[in-house]
Amino acid sequence: MCGIIGYIGSRQAQPILLNCLGRLEYRGYDSCGIAVSEHGINVCKDAIRVEALKKTMPRLNGTAGIGHTRWATHGAPSLINAHPHLDCSGKIAVVHNGIITNYQKLRDQLTGEGHQFVSETDTEVIPHLIEKYYHGNLETAVAAALNDIEGSYAIIVLATDEPKLVAARKDSPIIISLGDRENFIASDVPAILDYSNRVVYLEDGDIGVITTDSIKVSRRGSEVATKVHQISWTVEDAQKAGYEHFMLKEIHEQPKVIRDTLAGWVSGEALEDLATMWADDINALLILACGTSYHAALIGKQMGQELLKIPVRAELASEFNYSTQLLDRTLAIAITQSGETADTLKAMKKLKEVGCQTLAITNVVGSTASRIADRTLYTRAGPEISVAATKSFTAQLMVLYQLMMAHPEIGARKLNSMTKELRQLPNKVQQVLDNEGETAQYAQELSRYENIFYIGRGINFPVALEGALKLKEISYIHGEGYAAGELKHGPFALLGSDTPVIALLAPDDTYEPMLTNIKEVKARGSAIIALTREGDEDIEKIADKVLTVPQVEAIFSPVVNTVALQLLAYYAARERDCPIDFPRNLAKSVTVE
Ligand code: M6R
């Protein structure tokens, strides 16, 4: 949710911290701040974006510092609540991502002991606890403070008296990155790509200490060997490359993302490996995820039911955590772009506890999900910076197709015909992108409405949900995704000339019932925008507007349909002048429940 960064080295910390914070802003952007140490700690922070902070802040000298971009949980966005937070002496500064659940009790205790608090945040108890336990050794004091703390955290601590940074994590991600005569600590990889691609992942309970020339990681009081991972993402991957927004760039990257995620399949290397996911005793699937990844899970459910003829459930991870399920001989698949979504991780841990086989589908190598799961399949989407998930969703679908196709029950004929279709998908998606101008025109018209329904059936019902989520998330128009057959059971009351309906069609047995539903909607005065395949003449006579996508087998229609809906949402948001990459109140990586 929040982004944290720490730097220590031979260069001035301030410009480096600010640059890294700019790269981390997608994790939270209601406030930001940095603290730099040189003969004392200087803090500069406010409830503003990083660019504004850069322009307004004074020069802070020092070669060690920490920084934070905030997504408020405890206390509104304000200068006082922005991080870093200090102890009473002003000698210890802390940045934190996570939630301290027992902070009120700790705050009361510390207040009784004479500590004075200035913010409404849970975080502020951390520097005060460290101050309480500090007797000349920062690492020991941090460890003692963490013993008192309940909840989740990734923290970085800076102290005037020691030329080092100390980091710790529990249920929130954190990495150490190695440079040349400088080292970094960060919430995640895009933050440090300008400086290094060598990374060490901390585990829950670890305490990391970095100086200019060294890194050290301790677990339960003993130093452990560190494994350095080489990151394949480049700085360019995490830049806009001339596009107005990251979201537009990421939408346009999808043909490449599909090719990259399918590379192993097309070369024939992936089939054998994927087939091993299907152990003999697996006879049911449970797919868990949140948000857009949940919509991929729902599409995976449809794929699995159609192709494998085994029971497949798709569940919201946040709801699964409160349910009891029959999990006998079930493969549990967790889909998460970031690999850090708290609800999804909690569900995975629950599944592991009951002995379920777990498979993570994630975009981030070394993410927590990949370390919890028994097996991991990586999407090859590259860093996704825009808060709205686009290319990661398409990549998730690609992994799901391959996984289902690797099931031993799929016949050779089906396998061959689907592989042929898969190979054509990058070009088909490119054709959707080539139709951007027309889609943008439709979006302009739609941008003046306050409510828009998206309807679909079968495998395109989750696409309706995804189209609506994208719209509401970035344009602030109320988009409502609905199963087309369900409209008459209530939502018809909302239809009329001020509520257009976007109908998603596919060449399968949902087509005819969709036509009926579209006619019912028209009869209630709503304009119909149909999203359908090229050459669909029947719909021309009924719909008010028709947006076409290239012909694909119905099972692949979610890919082309979703890309068109991403563009529609993007251009509607652009027309309304919304901050597309950083929508209000949201953050890219949701590391709190
Ligand atoms: O990293 P994850 O895939 O686990 O994230 C899940 C959701 O938070 C995410 O998909 C969210 O819904 C997106 N902002 C939607 O565009």
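Brief remarks on what is shown
- Restricting the range 318-340 to residues that are outside any loop (DSSP other than H, G, I, E, B) and within 18 Å of Ser392 (Cα to Cα) leaves a set whose member that is nearest to the ligand (Cβ to nearest atom) is Thr336.
- Selection status of His74, out of contact with any Asp or Glu (no Cβ under 8 Å at 6 or more places or on another chain) and either under 16 Å from Ser589 (Cα atoms) or in a loop (DSSP other than H, G, I, E, B) (or both): no
- Filtered residue count, the range 284-324, keeping only those that are surrounded by 14 or more Cβ atoms within 10 Å (Cβ to Cβ) and over 26 Å from the mean Cα position of the chain (by Cα): 7
- For the range 466-503, a residue qualifies if it is in contact with a helix residue (DSSP H, G or I) (Cβ under 8 Å, 6 or more places away or on another chain), of a type in the set (D, E, K, R) and within 12 Å of the ligand (Cβ to nearest atom), and the qualifying residues are Glu466, Lys470, Glu473.
- Enumerated helices (runs of 4 or more DSSP H) restricted to the range 419-538, each holding at least 1 residues that are under 25 Å from Gln402 (Cβ atoms) and aromatic (Phe, Trp, Tyr): 461-475
- Filter result for Thr358 (more than 14 Å from the ligand (Cβ to nearest atom), in contact with a helix residue (DSSP H, G or I) (Cβ under 8 Å, 6 or more places away or on another chain) and of a type in the set (Val, Ile, Thr)): yes
- Checklist (1) over 21 Å from the mean Cα position of the chain (by Cα); (2) at pLDDT 95 or above; (3) not in a loop (DSSP other than H, G, I, E, B) applied to Val559, failing item: (1)
- Of residues in the range 90-146 being assigned to a loop (DSSP other than H, G, I, E, B) and in contact with a Phe, Trp or Tyr (Cβ under 7 Å, 6 or more places away or on another chain), the one nearest to Gly6 (Cα to Cα): Glu124
- Residue within the range 225-245 that is of a type in the set (D, E, K, R), outside the structural domain of Ala334 (by TED's automatic domain parsing) and part of a strand (DSSP E or B) present: no
- Scanning the range 408-431 turns up at least one residue that is in the same structural domain as Leu248 (by TED's automatic domain parsing), surrounded by 24 or more Cβ atoms within 10 Å (Cβ to Cβ) and closer than 19 Å to Glu250 by Cβ.
- The condition (being of a type outside the set (A, V, I, L, M), under 21 Å from the mean Cα position of the chain (by Cα) and on the phi > 0 side of the Ramachandran plot) is satisfied by just one residue among Gly28, Gly22: Gly28.
- Residue in the range 43-58 that is within 29 Å of Glu593 (Cα to Cα) and touching a Cys at 6+ places or on another chain (Cβ under 6 Å) present: yes
- Selected residue (criterion: farthest from the ligand (Cβ to nearest atom)) from residues of the range 361-371 that are crowded, with 19+ Cβ neighbours inside 10 Å and closer than 17 Å to Ala289 by Cα: Ser370
- Complete set of residues in the range 249-268 that are under 15 Å from Gln430 (Cβ atoms) and of a type in the set (A, V, I, L, M): Ile251, Val257, Ile258, Leu262
- Leading residue by the ranking (farthest from the ligand (Cβ to nearest atom)) among those in the range 372-393 that are of a type in the set (Val, Ile, Thr) and buried (at least 24 other Cβ atoms within 10 Å of the Cβ): Thr379
- The listed residue being assigned to a helix (DSSP H, G or I), within 27 Å of Lys227 (Cβ to Cβ) and of a type outside the set (Ser, Thr, Tyr), out of Leu359, Leu351, Leu403: Leu351
- Per the listing Val217, Val257, the residue uniquely within 23 Å of Ser187 (Cβ to Cβ), modelled with pLDDT of 95 or more and either assigned by TED's automatic domain parsing to the domain that holds Ala168 or not in a loop (DSSP other than H, G, I, E, B) (or both) is Val217.
- Filter result for the condition that a residue is within 15 Å of Gly98 (Cα to Cα) and either crowded, with 23+ Cβ neighbours inside 10 Å or without any contact (Cβ under 8 Å) to a residue 24 or more places away in the chain (or both), over Gly65, Gly33, Gly28: Gly28
The values are calculated or read from the model by the stated rules, or taken from the named source; none is laboratory data. Keep in mind the model is a prediction, meaning the values are calculated, not measured. FYI the Cβ positions are ideal-geometry reconstructions off the backbone, even for glycines, and counts take in every protein chain you see.
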